[in-house]
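Colleague: Quick one: the structure is below, questions incoming.
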Amino acid sequence: LRRLHLSLNELGDDGVAAILVPFAASRNELVDLALEQNEIENEGVQALLKARLPALRELNLSDNDEIDEDKREQLKTKFGRECRVRFDEDDAVDDLAARMGAARIG
């Protein structure tokens, strides 16, 4: 499994924790996890912070408005430069602009 898109499912914190269980016990190559509009709050972010997702390159948490700034920063730190972490649609526009600018330079 390389891409998992579960947007608009009202998973909540418990749902996020549940879907991450299989990834803790196995080697995985999940590169894209989309969880927009799932009523995820700080507890759900805590589950993501504990998750073993070494190949993750895209994490979309747009429209989960109850995630506080501290948790957002923790996610960005955990997944580092290799992973785009999005919290709203403006992040997607910024990422696209950055990629287009990089493409012109390189």
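The values are calculated or read from the model by the stated rules, or taken from the named source; none is laboratory data. Model, not experiment: these values are computed from the prediction. Every residue, glycine among them, receives a Cβ derived from its backbone with ideal geometry; neighbour counts consider all protein chains shown. Surface accessibility is based on the protein's heavy atoms, side chains included, excluding ligands, DNA and RNA. Shrake-Rupley method; radii C 1.70, N 1.55, O 1.52, S 1.80 Å.
Colleague: Among what's in segment 22-46 and is in a helix (DSSP H, G or I) and surrounded by 20 or more Cβ atoms within 10 Å (Cβ to Cβ), pick the residue that is farthest from the chain's Cα centre (by Cα).
Modeller: Taking the candidates together, the pick is Gly44.
Colleague: Let me ask something additional. Given the structure, is Gly80 open to solvent by less than 90 Å² (accessible area, probe 1.4 Å), farther than 21 Å from Leu1 by Cα and out of contact with any strand residue (DSSP E or B) (no Cβ under 8 Å at 6 or more places or on another chain)?
Modeller: Working: open to solvent by less than 90 Å² (accessible area, probe 1.4 Å): yes; farther than 21 Å from Leu1 by Cα: yes; out of contact with any strand residue (DSSP E or B) (no Cβ under 8 Å at 6 or more places or on another chain): yes.
Yes.
Colleague: Considering only segment 1-21, state which residues are farther than 21 Å from Asp88 by Cα and in a loop (DSSP other than H, G, I, E, B).
Modeller: Leu1, Arg2
Colleague: Filter segment 47-73 down to residues that are part of a helix (DSSP H, G or I) and touching a helix residue (DSSP H, G or I) at 6+ places or on another chain (Cβ under 7 Å) and give me whichever is surrounded by the most Cβ atoms within 10 Å (Cβ to Cβ).
Modeller: Leu48
Colleague: Related question: Quick check on my filter: what residues within segment 1-52 are over 14 Å from Lys71 (Cβ atoms) and among the polar types (S, T, N, Q)?
Modeller: Within segment 1-52, Ser7, Asn9, Ser26, Asn28, Gln37, Asn38 meet the criteria.
Colleague: Please go through segment 1-42 and give me each residue that is without any contact (Cβ under 8 Å) to a residue 12 or more places away in the chain and of a type in the set (Lys, Arg), ordered by number.
Modeller: Within segment 1-42, just Arg27 meets the criteria.
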